[in-house]
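The structure under discussion appears below in the form of structure tokens.
The values are calculated or read from the model by the stated rules, or taken from the named source; none is laboratory data. Keep in mind that what you see is a predicted model, and the values were worked out from it rather than measured. Neighbour counts are summed over all protein chains in view; Cβ atoms, including those assigned to glycine, are modelled from backbone coordinates with ideal geometry. All accessible areas refer to the heavy atoms of the entire protein, side chains included, with ligands and DNA or RNA removed. Shrake-Rupley method; radii C 1.70, N 1.55, O 1.52, S 1.80 Å.
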Amino acid sequence: MVSDSVRAVQEEFRNSMINSENKKSVKFKEEVFVDRVRRKVLIFTEKSLQPVLNLSGTILHTNLGRALLPEEAISAMTEAASQAVNLEYNILEGDRGSRDKHVEEELCRLTGAEAVTIVNNNAAAVMLVLNTLARRKEVLVSRGELVEIGGSFRLPDIMTSSGCKLREVGTTNRTHFEDFENALSSKTGLILKAYTSNYTITGFTKEVKEADIIKLSRDYNIPFVVDLGSGSLIDLKNSNVTLEPTPLKKLQSGVDLVTFSGDKLLGGPQCGIIAGRKNLIARINRNAMKRAMRCDKLTVAALSAVLKIYGNPEKAVQKIPTLRLLLRSEEEIKNVVDRVLPELRFHMERMATLEAVDCQSQVGSGALPNQLLPSAGIAIRLKNKKSSNGFFLSKVSEVFRKLPIPIIGRVHDNAFILDLRNLENESAFLKQLEFLPKNWDF
Ligand SMILES: *Cc1c(COP(=O)(O)O)cnc(C)c1O
């Protein structure tokens with residue numbers, strides 16, 4: 001490992017000398033060389049995936065791994081990882097079973113679906129639905145819903161990759177019922193509604209009523225599918241959070257299929273869930289692509305455990321971290337601020353001014369794009385520096401990222417902000433403060 005790294009660094013030096021205009025400008029310094037070799041060796045020996053403290057104010061941060069799992073799901077995963085399990089084995093009959101069976105009953109009950117199937121993520125779910133029901137056919141989508149979710153989920157591209165022809169209907173801001181009616185033909189494979197997860201169109205707008213599309217799809221016997229993105233399994237009626245339409249509501253209203261993610265508002269492992277009509281799910285399960293997108297045993301174990309918790313909604317909002325953090329009251333978060341602020345002051349007061357601030361968290365991952373959740377946090381500004389200077393704020397942010405457990409905040413309002421909504425492990429946070437540099441000379 002060491003000699004490979006030495007060779008690689010030698011090669012890098014050689015190349016930079018060959019490629020530089022003035023050969024003499026590339027200096028060979030032993031310390032630099034050794035340091036680069038050391039860093040290369042560390043890549044092989046240190047964990048690349050490591051815990052961080054997400055104080056960004058985004059509950060479901062895709063780049064930070066989205067939903068945190070409840071204890072029950074973690075122990076179910078550990079069990080499935082270390083032992084043989086009846087993943088596709090029917091213990092009673094002693095013959096082959098189905099891996100989806102472990103979550104089927106609960107998902108059908110919670111979504112009101114006749115049948116369900118699960119795959120690797122929601123992008124896969126959408127592709128599988130399109131490929132099964134509308135390959136070589138046209139898919140009608142309102143122009144206002146041609147979404148791009150971060151991380152390369154772009155509806156038009158998904159359409160092409162699934163072998164479907166996108167038939168755009170209406171205009172960006174206004175789509176009428178007649179637009180759908182006129183677009184329908186013998187080439188139509190399905191009608192798709194994509195939940196506009198991360199934007200809204202306001203002003204002179206018109207959307208076709210879902211009930212009208214449902215009727216149209218019935219009359220022409222064409223499946224109507226809604227990509228919900230973030231499917232919430234419970235209605236948080238008594239909280240100040242309005243959750244987007246649940247899969248249950250959609251299917252009850254007559255939508256044929258819905259698709260949603262397992263690691264967004266559901267608060268489970270990464271997976272995609274397709275729920276709805278039995279005959280359509282049966283066709284989807286016969287598609288060879290389903291085999292290529294199937295969930296592994298760890299996902300099945302975790303999802304099954306999370307769904308069991310939903311059996312008791314009052315427990316669910318306590319035990320499932322995503323729901324618990326979503327419903328955490330401003331007062332509770334302020335208490336966290338009160339507890340950790342003095343400690344942070346103790347370690348940083350010489351370099352920075354610290355202030356308890358009101359801030360706003362968001363759900364993230366495209367869920368509830370218009371709802372900001374009142375939260376509380378700490379604003380950090382450097383002393384003796386132009387606080388509005390982006391360079392110094394990015395340096396502060398870097399100092400926090402370089403702690404043994406990196407602390408991820410955000411730069412906002414000319415300050416480095418730590419939103420404490422997501423901070424449950426206070427002792428891990430406080431432990432990091434001991435590693436803050438004593439002197440901040442940027
Ligand atoms: C998030 C989202 C997806 C992609 O889901 P993944 O689980 O990330 O694959 C697709 N459609 C919508 C509307 C979404 O919000």
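Observations on the structure shown:
- Residue, nearest to the chain's Cα centre (by Cα), within segment 91-126, restricted to residues that are outside any helix (DSSP H, G or I) and within 16 Å of the ligand (Cβ to nearest atom): N121
- Contact map, segment 183-198: residues that are touching a residue at least 40 places away in the same chain (Cβ under 8 Å) and assigned to a strand (DSSP E or B) paired with residues that are more than 7 Å from the ligand (Cβ to nearest atom) and open to solvent by 30 Å² or more (accessible area, probe 1.4 Å), Cβ distance under 6 Å, separation 6+ or inter-chain. Pairs shown: G189/K137.
- The criterion of being under 19 Å from L251 (Cβ atoms) and either within 16 Å of the ligand (Cβ to nearest atom) or surrounded by fewer than 16 Cβ atoms within 10 Å (Cβ to Cβ) (or both) does not hold for G267.
Residues are listed down the side, and each one gets a yes or a no for (1) under 30 Å from D4 (Cβ atoms); (2) part of a loop (DSSP other than H, G, I, E, B); (3) free of Cβ contacts under 8 Å to residues at least 12 places away in the same chain:
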| site | (1), (2), (3) |
| --- | --- |
| V41 | yes, no, no |
| S48 | yes, yes, yes |
| P51 | yes, yes, no |
| N63 | no, no, yes |
| A67 | no, yes, no |
| E72 | no, no, no |
| A76 | no, no, no |
| E79 | no, no, no |
| A84 | no, yes, yes |
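- If you check L326, L341 for being closer than 27 Å to Y199 by Cβ, open to solvent by less than 30 Å² (accessible area, probe 1.4 Å) and not in a strand (DSSP E or B), only one passes: L326.
- When R277 is tested against the conditions (1) within 16 Å of the ligand (Cβ to nearest atom); (2) open to solvent by 10 Å² or more (accessible area, probe 1.4 Å), the lone failure is (1).
- Which listed residue is away from the ligand (no atom under 16 Å from the Cβ) and polar (S, T, N, Q), from T205, T246: T205
- Filter result for G57 (away from the ligand (no atom under 16 Å from the Cβ) and either of a type in the set (F, W, Y) or under 30 Å from P374 (Cβ atoms) (or both)): yes
- Residue match in segment 166-179 (condition: more than 20 Å from V255 (Cα to Cα), basic (K, R) and away from the ligand (no atom under 15 Å from the Cβ)): yes
- Test set (1) out of contact with any Asp or Glu (no Cβ under 8 Å at 6 or more places or on another chain); (2) surrounded by fewer than 18 Cβ atoms within 10 Å (Cβ to Cβ) - L430 fails condition number: (1)
- Residues located in segment 18-43, provided they are open to solvent by 60 Å² or more (accessible area, probe 1.4 Å), hydrophobic (A, V, I, L, M, F, W, C) and touching a helix residue (DSSP H, G or I) at 6+ places or on another chain (Cβ under 8 Å): F28
- Yes/no for Q252 being near the ligand (Cβ under 10 Å from one of its atoms), over 18 Å from Q362 (Cα atoms) and open to solvent by 10 Å² or more (accessible area, probe 1.4 Å): no
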